Structures are given as C-alpha cells and as structure tokens.
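Below you'll find the structure, written out as structure tokens, and then a few comments.
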Amino acid sequence: MIPKNTVCVWYDSEAVDAANFYARTFPDSSVGPIMRAPGDYPSGKEGDVLTVEFTVAGIPCIGLNGGPHFKQTQAFSFQIATDDQAETDRLWNAIVGNGGQESECGWCQDRWGVSWQITPRVLTEAVAGPDRAAAKRAFEAMMTMRKIDVDAIEAARRG
C-alpha cells in the first residue's frame, strides 16, 4: 500500500546506499522496493536505480537518485529522539563515523548531506519543561555542545 504522505529525499546517485545505511543504523527502519528508470533521463539511463522506498524510525521515505542539481541543506532534517547517552553516542558515531560531519547542538550530517538531529529526550524535556530557569540553563548548556551530553544537560537542569 502506498502511504498518503511520504518524505522524498534527493540524492545524487546513492539512494540505495543511504537507505541500507539507515536500515542498519536506526531502529524501526527498513529498505523496500527499488524502482529502475523505464527510460533515459537527464541524470541517468534506462535501468538505473531511480528510487528506493525506505523507512527511517517508522517514517516512510523515498530516496530519489535525481543527480547533482539539488543539494541537501539543514533546512530539512530527521530528528531522532534518544533515550540515553549510549543510544545518542551510537547513532551520532554511526553517522559521523560513516563519512558524516558534526555540527552544533546535536546536529550532524551524513555522508550524503542529509541532516540529523540526535536529540536525547532529557534535553527536550528540560527545555520544554515548566521550570523556565532550568530550561534556560539546559538550553545554554546545549548551545556549547556538538553531540549532546546527557549528564551535562541533567546537571544544568538541576542547577
């Protein structure tokens, strides 16, 4: 069954590699059907992989091998809520260690340029919580980080 809404992510030519990496890395993720181009197109030939269906953490996606015309930006990202430091470290290190790149405040990019927010639930709870002074301390702590340090966020929250 085709979902009503699907996220389409543009890749130059490595959508299948990206989908396989996501399926190995994130829980509740998988790779689905691959569609090959029925004819030549501006960035490829008949028979080339045109799209791959995949799921990332329960979200249905399509990877489109559209060529080099459009590049990824941080204006789009996947936000993954993590339960603890171990999960945060595992996901962050998988993305960055597979040719990705670190950024600030829990953001990183995979080797295909797709942005990810690896966000411990404790951070979201602290910043959104009713204690505004604790929220400010947690937010200020986060602003100094690349990968989020759960213990540091909890310490900032406590004051």
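Every number here is computed from the coordinates shown, using simple stated rules; none is lab data. Here the structure is a predicted model, which means the values were calculated and not measured. Don't worry about glycine lacking a Cβ; one is built from the backbone with ideal geometry, like all the others, and counts go over all protein chains shown.
Bridges between two residues of the chain, per DSSP, are antiparallel at a rate of about 60%. When the Cα positions of Trp107, Ala126, His69 are compared along the charge dipole of region 1-127, His69 comes out farthest toward the positive end, with charges on each C-beta of Lys, Arg, Asp and Glu. Here the gap between His69 and Ala155, fully extended at 0.36 nm per residue and compared with their Cα-Cα distance, gives a gain of 26.4 nm. Across region 1-147, the convex hull enclosing all Cα atoms gives 123 Å³ per residue.
Between the Cα long axis of helix 15-25 and the first principal axis of the chain there is an angle of about 40°, rounded to the nearest 10. Viscosity 1.306 mPa s, temperature 10 °C: what is the translational diffusion coefficient of region 72-159 from Stokes-Einstein with a Kirkwood Rh over Cα pairs, rounded to a whole number of µm²/s? The estimated diffusion coefficient comes to 122 µm²/s. The alpha-carbon atoms of region 1-68, seen along their principal axes, cover 35, 24, 17 angstrom, with the largest extent given first. When chymotrypsin sites (Phe, Trp or Tyr not before Pro) are flagged only if DSSP places them in a loop and at most 11 other Cβ atoms lie within 10 Å, the longest unflagged stretch of the chain comes out as 77-159.
When +1 charges are put on Lys and Arg Cβ atoms and -1 charges on Asp and Glu Cβ atoms, the dipole computed for region 1-68 relative to its Cα centre reaches about 200 debye.
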